[in-house]
1. Only one residue in B:84, B:124 is closer than 30 Å to residue B:31 by Cβ, modelled with pLDDT of 80 or more and acidic (Asp, Glu). Which one?
2. Enumerate the strands (runs of 3 or more DSSP E) found wholly within region A:1-109, keeping only those where 2 or more residues are in contact with a Pro (Cβ under 9 Å, 6 or more places away or on another chain) and at the interface with chain B (Cβ under 9 Å from one of its Cβ atoms).
3. Would you mind telling me which numbered condition in (1) at pLDDT 90 or above; (2) under 24 Å from residue A:12 (Cα atoms) residue A:138 fails?
4. Taking residue A:81, is it among the aromatic types (Phe, Trp, Tyr) and at pLDDT 90 or above?
5. Please indicate, with yes or no, whether at least one residue in region A:55-77 is of a type in the set (Lys, Arg) and within 24 Å of residue B:373 (Cα to Cα).
6. Would you call residue B:271 part of a loop (DSSP other than H, G, I, E, B), more than 7 Å from chain A (Cβ to nearest Cβ) and modelled with pLDDT of 85 or more?
7. Which pairs have Cβ atoms under 8 Å, sit 6 or more apart or on different chains, and link a residue in region B:91-102 that is under 13 Å from residue B:60 (Cα atoms) to one that is surrounded by fewer than 23 Cβ atoms within 10 Å (Cβ to Cβ) and among the hydroxyl-bearing types (Ser, Thr, Tyr)?
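The values are calculated or read from the model by the stated rules, or taken from the named source; none is laboratory data. In this text, all values refer to a predicted model and were calculated from it rather than measured experimentally. When we count neighbours, we look across all protein chains shown, and the Cβ atoms used for this are built from the backbone with ideal geometry, even at glycine.
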Amino acid sequence: MESVLLPTLTKKEEIDRIINNTIDKVLVLRFGRTSDENCLLLDDILEKSARDVSKFATVALVDVDSDQVQVYVNYFDITLFPSTVFFFNAHHMKLDSGTADHTKWVGKFHEKQDFIDVVEVIFRGAMKGKMIVHCPLPPERIPKYQLLYKDV
Amino acid sequence: MEEKKTKAKKKPSKKSEFEFCKVCRFHHDQGPRHKYFPRHKELLSAFLNRFRSKIADVRFFLKNPSFLRPQEESQNRVWCVFCDEDIVELGSSFACSKAINHFASSEHHKNVKQFLWKHGPSMDCADDFKISDADVAKWVRKCTALGNKDASSCRGQLSSDIHNNKLEFERTEKVQTHYINPNDLNDVKPLLYNTNEYQISHSGVTHYGSHLNVNASHLPPGVIGMTSNSSSLYGDSTGNVHTGAPPPWLNPNGGNIYNQSDITKVQEKLPAKTSKLNPHRVGAAWAERRKIEMEMEKRGLAVNSNTDADWLPNFGRVWQSGTRKDSRKEFEKEKRKLVVTESISMESEERKLVKTESISVESEEPIQIQPYVSKRARAMKSGE
């Protein structure tokens, strides 16, 4: 089932456009597939909170199964779904949540407020000129995962 | 000025001038009081309700854009009571497209305000008679999607008449490009019908109303009173439609490049809110530049945007230790390698292709895979 409110991007140009047209706002890009249960849970939270954060953030979904977004899937090193990448003024925002990957949020959020907090922290950090921010959530609410890497 | 003031002072003592009330459809001399009369109020609510039902129809098409068949063009029309204008959908490819753009235009918004100020009841209901720009943008997006999707079916429908078919497609293109900037009223509207040049320049009688550019010598004596713009007719180096000059939208060198004065004009127009934001925020310089670009795009000036196929945003990768530019370089190197190996393997064997395709972080290659241990954890382990 496709999301009713949030735009779903399936082309590289669409992603380019949304990155280029989001000015002074956090851009939240969710990479995932709608057949995945966790992804649907995350989508639900994103959808419900998109309006609350609309003054300082834009949320969009990216369908990773589309051929035309494989460039971004590779470029962003997206190996686990769902993954959420944050941008501000076409600059990638990193999030230090104590996990292996600082470049994105992997997994779902436990509740709406968690997502809003994270986006707000990113927005505040970006407005102060910070490219990386610390995750405001307690560790038990951050999904755990293991990244495997190829060489030492 | 003084004369006016004295008139204004005298007004309350005597009855005001007769004026026509659009709502009650009669002349009255009650002045501004008239709008508070119960009869006027009653008629006004009926009047507005009638228009509300009309705009509801338009809103239906705003939500569900649909193609307008050429034979239905003449039937699809709306009378805008605020602007006293008949909006005919001649030459538009989507139902109610002109009406939608009209209701979103600033001219219409102004007229609605003026009407409500003059006839009551209050400004609260002004939004009922307008269509917001956001809705129009959404509608345009839907239309383009529909245009892409139905292009093939549309071709099938109209294929009986080649000439019509071509026209229809030209129109769709123009409509789409034009409707991206609904506020741009200064745009030159594309000519949708073949004008009969002979008629315009020689008969004059039937056309002088709409073509004021006609040279005065061609006009019959009865219409001398018309202002004729003869100086710009032949003296202008660029020429116009009568002199056979290319239309402005086909101008090869004029449209693409915007000059410095345009940029400064746009800069002046930008809201002062930007100055309140932190000048050291992430991507501040980029945001300012992009804002100007977007403003130019909105005005219909083409901008050489950097959104080519190879464009990638700034991104710091997981395993990358250098700057973010290094990330992009690394990615581009990877991509090149992948393409090269792929092409080689395509030529040689299929087995190799499988191997090269599986180059990713989570690959099943024989290279030793190990879990990531953060620096802190590693340090703690070694400390123990």
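1. Values: B:124 fails: modelled with pLDDT of 80 or more.
Only one candidate passes the filter, namely B:84.
2. On the way: elements: A:26-32, A:57-63, A:83-88, A:91-96.
Passing ranges, in order: A:91-96.
3. (2)
4. Values: among the aromatic types (Phe, Trp, Tyr): yes; at pLDDT 90 or above: no.
Taking the combined requirement at face value, the residue does not satisfy it.
5. Looking through region A:55-77, none of the residues is of a type in the set (Lys, Arg) and within 24 Å of residue B:373 (Cα to Cα).
6. Values: part of a loop (DSSP other than H, G, I, E, B): yes; more than 7 Å from chain A (Cβ to nearest Cβ): yes; modelled with pLDDT of 85 or more: no.
Taking the combined requirement at face value, the residue does not satisfy it.
7. Taking only residues 6 or more apart or on different chains, the pairs are B:94/B:66; B:95/B:66; B:97/B:179.
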